[in-house]
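Quick note: the coordinates plus some simple rules give every number you see, no bench work behind them. Source: prediction; values computed, not measured. Cβ sites come from the backbone with ideal geometry, for glycine too, and all protein chains shown count toward neighbours.
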Amino acid sequence: MSTTLPATTVEMPETSFAPASSEHAVATATLPVQAPSVRRSRLDALTGMRALAALNILFFHFSDPKIFGPFAPVVDNGYVSVSFFLLLSGFVLAYNYRERADRGLMRARTFWVARFSRIYPLFLFSLLISLFVLQQEWRTRSHGEFTWGVVLTLLLAQGWSPTLCTFWNTPAWTLTTDVFFYALFPWLVTLRRPSTRTRIVWSMLAFWCLSFILPALYTLLNLDGDPHPGRYSNGWWLRFIKFGPLQHLPSFLFGMALASLNDLIPERSRLRTVLGLVAFSALYVILFYGSHMPYLFMHDGMLMPLYGMVVLALAGRNFLVRLFSIYPLIVIGEASYCLYLLHFNLWMFLHDDTHLVERAGLLRFDPWLSYALIVGFAVAAMYLVERPGQRWIKRLSHQPPRFREPAMPPTLP
């Protein structure tokens with residue numbers, strides 16, 4: 001995303017067209033030679049946008065939104081940043097891999113190893129530094145539930161269980177959704193795609209409508225007996241929809257279709273700038289009245305078209321791209337996966353487990369001090385854990401470096 005989810009600037013991988021075997025060489029000898037793939041543009045502005053989205057999730061979980069002044073509505077509804085990340089992952093994966101798939105060079109095993117190497121080392125690290133949370137889980141759950149929680153979490157499958165989806169590391173529920181997307185992607189990217197703007201837009205509209213099905217059923221059937229579910233509602237069916245992978249699949253498919261639409265719009269088109277300005281303005285108005293919006297629809301799906309407009313704007317060349325491409329945002333954006341996955345338990349460690357900030361007499365500088373410590377720790381984890389772990393797994397897999405992997409992070413919620 002740089003995004004579809006962390007070295008993390010988004011660019012198209014360079015492809016080697018050397019045949020893998022003599023049989024392959026014979027089979028392709030009569031085919032016309034294809035020109036090397038064109039290197040895709042870096043998407044630094046989307047990396048910067050990822051930084052703001054990840055920071056917004058941190059602020060949403062641990063702040064009084066009023067301290068952010070005019071941006072209070074954005075922070076108060078920060079949960080919507082998760083659906084932005086999931087849509088963006090579909091966009092960037094398609095952006096990076098679609099041409100390779102069209103050339104018959106998409107290898108599922110190579111793709112899955114690359115995705116695993118990006119998400120699992122940092123995920124495992126996040127669990128190891130959160131053993132104090134595991135102790136709390138042991139005290140508050142039955143032994144059977146605790147055992148299942150550990151097993152499902154280590155397998156990145158906890159998101160399928162409404163009762164265990166936030167086990168051990170609350171934000172990590174999105175990794176189950178990521179894994180679900182990654183499992184489907186090598187097949188999805190080979191499907192025939194609409195080739196005109198009109199047909200692409202209609203497909204995106206269909207995916208958007210698809211995202212309303214489960215929330216509408218939940219509302220109409222009143223499945224949890226809660227006629228007005230909100231941020232603090234905790235019903236079983238609500239958690240199934242909020243944290244389960246199925247509800248988020250339309251966002252991913254929307255993002256993949258968006259990548260096709262992006263290729264049909266010139267990078268310097270004024271349309272991108274107009275879409276971006278309209279989308280940012282509309283998002284602010286909707287979030288300003290966020291408490292009056294249907295929560296479950298807002299949580300994933302309702303803002304999909306506006307997010308798509310933002311992505312198109314920041315994937316072009318205009319003043320918005322320059323605004324979101326400043327160096328500090330790019331650095332934090334590259335570390336956004338680390339920031340997202342580590343922020344929740346790090347805050348708990350600083351404030352609930354050790355009371356470190358309070359004992360050091362620095363509470364008057366909070367929450368800004370804690371924010372700085374967490375962001376700094378996330379950037380350090382990117383360099384010291386995430387990237388070395390990724391390289392180690394790739395070496396361990398003994399896969400020949402036929403392709404340079406796209407620089408992009410795993411999907412953040």
Once phi is turned into ³J(HN,Hα) by the Karplus curve 6.51 cos²θ - 1.76 cosθ + 1.60 with θ = phi - 60°, what whole-Hz value does each residue of segment 386-394 show in order, with x for glycine and proline?
4, 6, x, x, 5, 5, 5, 5, 5
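Go ahead and estimate [θ] at 222 nm for the chain from helices alone: -39,500 (n - 2.57) per DSSP H run with n ≥ 4, summed, over the residue count, rounded to 500.
Numbers: 21 runs with 251 residues, N = 413.
Computed ellipticity for the chain at 222 nm equals -19000 deg cm²/dmol.
Place a +1 charge on the Cβ of each Lys and Arg in the chain and a -1 charge on the Cβ of each Asp and Glu, then give the dipole magnitude about the Cα centre in debye, rounded to the nearest 20. Working shown, then result.
Values: 34 positive and 23 negative charges, 256 e Å.
Dipole magnitude for the chain comes out near 1240 debye.
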Return the sequence-ordered ³J(HN,Hα) values of segment 156-169 in whole Hz as given by the Karplus equation 6.51 cos²θ - 1.76 cosθ + 1.60 applied to θ = phi - 60°, using x for Gly and Pro.
6, 10, 5, x, 7, 10, x, 8, 10, 5, 9, 5, 6, 9
Under 8 Å for C-alpha pairs, at least 6 residues apart: give me the relative contact order for segment 216-367, rounded to a whole percent.
23
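Report the rotationally averaged projected area of segment 234-381 based on its alpha-carbon convex hull, in square nanometres. Mind dumping the intermediate values first?
Numbers: hull surface 46.9 nm².
About 11.7 nm², averaged over all directions.
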Taking θ as phi - 60°, what are the ³J(HN,Hα) couplings along segment 108-119 by the Karplus curve (6.51, -1.76, 1.60), each to the nearest whole Hz, with x for Gly and Pro?
4, 4, 4, 5, 5, 5, 4, 5, 4, 5, 7, 9
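Tell me, what is the FRET efficiency for LYS66 and LEU271 to the nearest 0.05, using R0 = 41 angstrom and their Cβ-Cβ distance as r? Working shown, then result.
Numbers: r = 37 Å, r/R0 = 0.90.
Efficiency, rounded to the nearest 0.05: 0.65.
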Which one, [x] 93, 51, 40; [y] 80, 69, 58; [z] 70, 46, 45, gives Cα extents along the principal axes in Å as derived from the coordinates shown?
[z]
Positive-end residue, the chain charge dipole about Cα centroid, Cβ charges, pick of ASN56, LEU296, HIS248:
HIS248
Out of residues 5 or more away from ALA157 or on other chains, whose amide H comes under 5 Å of its own, with H placed 1.01 Å from N in the peptide plane?
none
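Over segment 38-396, what is the relative contact order in whole percent, taking alpha-carbon pairs under 8 Å and six or more residues apart? It would help to have the intermediate numbers written out before the result.
Values: 427 pairs, mean separation 112.2, N = 359.
31 percent.
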